[in-house]
1. Write out, first by first residue and then by second, each pair whose Cβ atoms fall under 9 Å of each other, whose residues are 6+ apart or on separate chains, and whose first residue, in the range 25-43, is within 11 Å of K90 (Cα to Cα) and part of a strand (DSSP E or B) while the second is modelled with pLDDT of 95 or more and hydroxyl-bearing (S, T, Y).
2. Please verify whether the range 46-63 includes one or more residues that are in a strand (DSSP E or B) and either aliphatic (A, V, I, L, M) or modelled with pLDDT under 90 (or both).
3. List the number of the failed condition for Q36; all other conditions in (1) surrounded by 13 or more Cβ atoms within 10 Å (Cβ to Cβ); (2) at pLDDT below 95; (3) out of contact with any Ser or Thr (no Cβ under 9 Å at 6 or more places or on another chain) hold.
4. Across the range 64-89, what is the number of residues that are part of a loop (DSSP other than H, G, I, E, B) and either at pLDDT 95 or above or over 15 Å from M26 (Cα atoms) (or both)?
5. For the range 59-74: of the residues being of a type in the set (S, T, N, Q) and without any contact (Cβ under 8 Å) to a residue 24 or more places away in the chain, which is farthest from V42 (Cα to Cα)?
6. Can you name the residue in the range 56-84 that is farther than 30 Å from E9 by Cβ and charged (D, E, K, R) and is also surrounded by the fewest Cβ atoms within 10 Å (Cβ to Cβ) among such residues?
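The values are calculated or read from the model by the stated rules, or taken from the named source; none is laboratory data. Just so it is clear, the structure is predicted and the values come from calculations on it, not from any experiment. For neighbour counting, all protein chains shown are included, and Cβ atoms are generated from backbone atoms with ideal geometry for every residue, glycine included.
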Amino acid sequence: MGNDCVSEEMAEEKRSFLNDNYGDTMPLSQLKPGEQGRVMAVEGGHGIRQKLFLRGLFEGSVVRMISCYGPITVEVDRNTVSIGRGMAQKIVVRRM
């Protein structure tokens, strides 16, 4: 298991829970340019959640994909935010 705080089994259980309770969810990185989504969950520890919160990305916020080439660029609350693909994979959204 290494130094991970969350085992792969726990991560899979959370993904299963989200799919069962939130329906059509996906990582933020899978939205296409121009599509909007609502953030349903942020996977990861306190550090990543805080970094995303400071950029306006938290549960309930609405995002619009601007660019998915290179860093992921989204609009959130009339601000443009660019994040790495790995960080975007940890943001679970539901397409609107």
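1. V39/S61
2. Within the range 46-63, one or more residues are in a strand (DSSP E or B) and either aliphatic (A, V, I, L, M) or modelled with pLDDT under 90 (or both).
3. With respect to (1) surrounded by 13 or more Cβ atoms within 10 Å (Cβ to Cβ); (2) at pLDDT below 95; (3) out of contact with any Ser or Thr (no Cβ under 9 Å at 6 or more places or on another chain), Q36 is out only on (2).
4. Taking the range 64-89 and keeping what is part of a loop (DSSP other than H, G, I, E, B), we get 68-71, 77-78, 84.
Remaining after also requiring either at pLDDT 95 or above or over 15 Å from M26 (Cα atoms) (or both): 69-71, 77-78, 84.
Looking only at that region, the number is 6.
5. Going residue by residue through the range 59-74, those that are of a type in the set (S, T, N, Q) are 61, 67, 73.
Of the ones still in play, those that are also without any contact (Cβ under 8 Å) to a residue 24 or more places away in the chain are 61, 73.
Numbers: S61: 11, T73: 17 Å.
That would be T73.
6. Of everything passing the filter in the range 56-84, R78 is surrounded by the fewest Cβ atoms within 10 Å (Cβ to Cβ).
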